[in-house]
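Worksheet for the structure shown next.
The values are calculated or read from the model by the stated rules, or taken from the named source; none is laboratory data. Nothing here was measured: the structure is a model prediction, and the numbers come from that model. Cβ: placed from backbone, ideal geometry, glycine included. Neighbour counts: every protein chain shown.
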């Protein structure tokens with residue numbers, strides 16, 4: 001028979017593990033500076049609520065989630081943007097509507113978290 005202490009310890013461990021996963025996703029939350037296809041800087045804001053906005057165009061709104069150690073943003077324009085750790089920094093890759101995310105990106109730039 002399992003003691004209440006063993007059950008409590010298991011529950012505590014599960015809660016710590018779940019909190020760690022939430023913190024990983026929280027690392028993406030904030031404002032990221034990236035560049036557009038013309039090399040002009042703009043900002044992408046990833047909210048804790050899963051919403052994404054960009055300063056490039058007012059139509060650039062969407063949702064994001066952490067997938068395979070990257071923040072993957074699905075824009076209402078149909079484009080998809082990924083921000084992922086690459087070496088010592090971060091990289092932004094953008095894909096046109098319908099383009100596979102495992103294929104070559106339509107655009108890429110460095111990404112820097114500024115807030």
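Determine whether residue 99 is under 22 Å from residue 27 (Cα atoms), surrounded by 14 or more Cβ atoms within 10 Å (Cβ to Cβ) and either under 17 Å from the mean Cα position of the chain (by Cα) or touching a residue at least 12 places away in the same chain (Cβ under 8 Å) (or both). Walk me through how you get there before you give the answer.
On the way: under 22 Å from residue 27 (Cα atoms): no; surrounded by 14 or more Cβ atoms within 10 Å (Cβ to Cβ): yes; either under 17 Å from the mean Cα position of the chain (by Cα) or touching a residue at least 12 places away in the same chain (Cβ under 8 Å) (or both): yes.
No; evaluated as a whole, the condition is false for this residue.
Name the strands (runs of 3 or more DSSP E) wholly inside the range 41-94 in which the number of residues that are within 15 Å of residue 106 (Cβ to Cβ) and without any contact (Cβ under 8 Å) to a residue 12 or more places away in the chain is 2 or more. Full working, then the answer.
Details: elements: 41-46, 51-54, 61-67, 70-75, 80-86.
Hits in the range 41-94: none.
So, of the residues in the range 1-40 that are modelled with pLDDT under 95 and within 17 Å of the chain's Cα centre (by Cα), which turns out to be farthest from residue 106 (Cα to Cα)?
The qualifying residue farthest from residue 106 (Cα to Cα) is 20.
Return the residue satisfying two criteria in turn: it lies in the range 102-115 and is exposed (fewer than 14 other Cβ atoms within 10 Å of the Cβ) and more than 22 Å from residue 47 (Cα to Cα), and of such residues it is modelled with the highest pLDDT.
Going through the qualifying residues, I end up with 104.
If a residue has to be closer than 16 Å to residue 26 by Cβ, loosely packed, with under 11 Cβ neighbours inside 10 Å and over 9 Å from the mean Cα position of the chain (by Cα) to count, how many in the range 49-73 make the cut?
1
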